[in-house]
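One structure below.
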Amino acid sequence: MTTDTTGTVARDGDSRPGGPADSPFIRACRRRPVPHTPVWFMRQAGRSLPEYREIRASVPMLESCRRPDLVTEITLQPVRRHGVDAAILFSDIVVPVAAAGIDLDIVPGTGPVVAEPIRTAADVERIRLITLDDVSYVDEAVRQLVVELGDTPLIGFAGAPFTLASYLVEGGPSRTHAKTKALMYGDPELWHALCARLAEVTLAFLRVQIEAGVSAVQLFDSWAGALSEADYRRLVLPHSTTVLSGLVDAGVPRIHFGVGTAELLGAMGEAGADVVGVDWRTPLDVATGRIGADKAVQGNLDPCVLLAPWPVVEAEVRRILEQGRAAPGHVFNLGHGVLPETDPEVLTRVVALVHELSSRRADQG
Ligand code: CP3
């Protein structure tokens, strides 16, 4: 460990000038001056890319997440093609839960489907704590990727306890999260036991990624926006805090993201994040007012805007960069994942535009 002039702990291997720790992405996460606004896209490794579809045509999703050669190749594809400022590990939020012994599959067009949903205390006991050996393929893939990526940072990630619990309790994706909420309100003790177990699994999974060399982590609480702020604070925040605050000494920036979280942005920041991800519903200057000036923001182009004519995309990118200036650090991203029908060339143009517009501003001081 080394301590730099701002007192931030950095990991030795990463702190050389020009290395990932000095990249625009990590600098923006740490609210330091940047040569240009960094940009990456949630789900940048995925179905919008023909080269991804080609690989996946013959390999099921979970298998592709467990093969380090494929994880490495798929993670690198959007970096090569778009010149994004960060790579995100190709995996899925249910990978550690499957490694913990839960029988599940990722069904194309549907998402995660759990064979026997978790609804009782005995079910919670079926979720084993994981060790490095359970996810050695992730360790191997991250180590390989760090070498391949050179100065480009790699983002590790995990699903947050609430979003994972939702899949496990429902048995699959749900619009209302009705079974999850019924458990949460009806048996808070069991709910807390489930989330505490998931927080331990998630923490172990993120530690494996950090030990292997990721430069930042993102905790996806995609479905947290289904909750009121009071319920979020009481029933979810303590467990997300276990994960994010549990990594405070790890020396990598922590990003906390959810969808539909306008009312939760302040609370999500409190969980121990350096950066709060914002969906397209809340302008970044308004979001910053809610999150506070001690955190960077990430976002927030509506993924559907990428399906509109270029002048519309350009105007929205300009607006978001402008509103992002209110934050002490801004990582450009979408407000949620890339849609499969997105033209990859538009993504490449957005990267170039974000770089061009934000570096011009830096030149002008
Ligand atoms: O962002 C990236 O490029 C990294 C890879 C990544 C995937 N899933 C790959 C994936 C990440 C970060 C995730 C996280 C994830 N997985 C979340 C949180 C982010 C979010 O979208 O809110 C959630 C909720 C899941 C669960 C999940 N897995 C869903 C809802 C789906 C989509 C189902 C479908 O087919 O539409 C998946 C499958 C999945 N995960 C795909 C990819 C590329 C598509 C699988 C395929 O190509 O068939």
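The values are calculated or read from the model by the stated rules, or taken from the named source; none is laboratory data. Treat the numbers as computed from the prediction; the structure is a model and nothing was measured. Here Cβ is always computed from backbone atoms with ideal geometry, including for glycine, and neighbour counts include all displayed protein chains.
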Checked segment 230-256 for anything over 18 Å from Leu194 (Cα atoms), touching a Lys or Arg at 6+ places or on another chain (Cβ under 9 Å) and among the hydrophobic types (A, V, I, L, M, F, W, C); matches are Leu247, Val248, Ala250, Val252
Of the residues in segment 58-79, those that are within 10 Å of the ligand (Cβ to nearest atom) and either under 29 Å from Gly19 (Cα atoms) or in contact (Cβ under 8 Å) with a residue 60 or more places away in the chain (or both) come to Ser64, Cys65, Val71, Ile74, Thr75, Gln77, Pro78
Reported set for segment 207-229 where residues are of a type in the set (A, V, I, L, M, F, W, C) and either in contact with a Pro (Cβ under 6 Å, 6 or more places away or on another chain) or away from the ligand (no atom under 13 Å from the Cβ) (or both) is Val208, Ile210, Ala212, Ala216, Leu227
Those residues of segment 80-106 that are within 7 Å of the ligand (Cβ to nearest atom), of a type in the set (A, V, I, L, M, F, W, C) and either assigned to a loop (DSSP other than H, G, I, E, B) or in contact (Cβ under 8 Å) with a residue 60 or more places away in the chain (or both) come to a total of 5
Exactly one of Pro340, Pro311, Pro328 is away from the ligand (no atom under 16 Å from the Cβ), not in a helix (DSSP H, G or I) and not charged (D, E, K, R), and that residue is Pro328
Here the residues within segment 256-307 that are under 15 Å from Leu244 (Cα atoms) and touching a Cys at 6+ places or on another chain (Cβ under 9 Å) are Asp274, Val275
Of Val169, Val138, Val201, Val208, the only residue that is surrounded by 18 or more Cβ atoms within 10 Å (Cβ to Cβ), under 23 Å from Val275 (Cα atoms) and touching a Lys or Arg at 6+ places or on another chain (Cβ under 9 Å) is Val201
Turns out the helices (runs of 4 or more DSSP H) fully within segment 170-289 with at least 2 residues that are closer than 30 Å to Ala87 by Cβ and free of Cβ contacts under 8 Å to residues at least 60 places away in the same chain are 188-212, 237-245, 265-270
Per the filter on segment 38-57, residues among the β-branched types (Val, Ile, Thr) and within 10 Å of the ligand (Cβ to nearest atom) are Ile55
If we keep only residues of segment 274-310 that are surrounded by 24 or more Cβ atoms within 10 Å (Cβ to Cβ) and small (Gly, Ala, Ser), then the residue farthest from Ala224 (Cα to Cα) is Ala296
Pairs returned, first residue in segment 339-357 that is closer than 18 Å to Ile320 by Cβ and at pLDDT 95 or above, second residue that is among the aromatic types (Phe, Trp, Tyr) and within 16 Å of the ligand (Cβ to nearest atom), beta-carbon separation under 8 angstrom, 6 or more apart or interchain, are Leu347/Phe41; Val354/Phe332
Residue count, segment 107-125, condition of a type in the set (Gly, Ala, Ser), within 12 Å of the ligand (Cβ to nearest atom) and not in a loop (DSSP other than H, G, I, E, B), comes to 1
Log entry, pairs with first residue in segment 35-54 being in a loop (DSSP other than H, G, I, E, B), second being small (Gly, Ala, Ser) and near the ligand (Cβ under 8 Å from one of its atoms), beta carbons closer than 7 Å, six or more apart or on different chains, reads Met42/Gly337; Arg43/Gly337
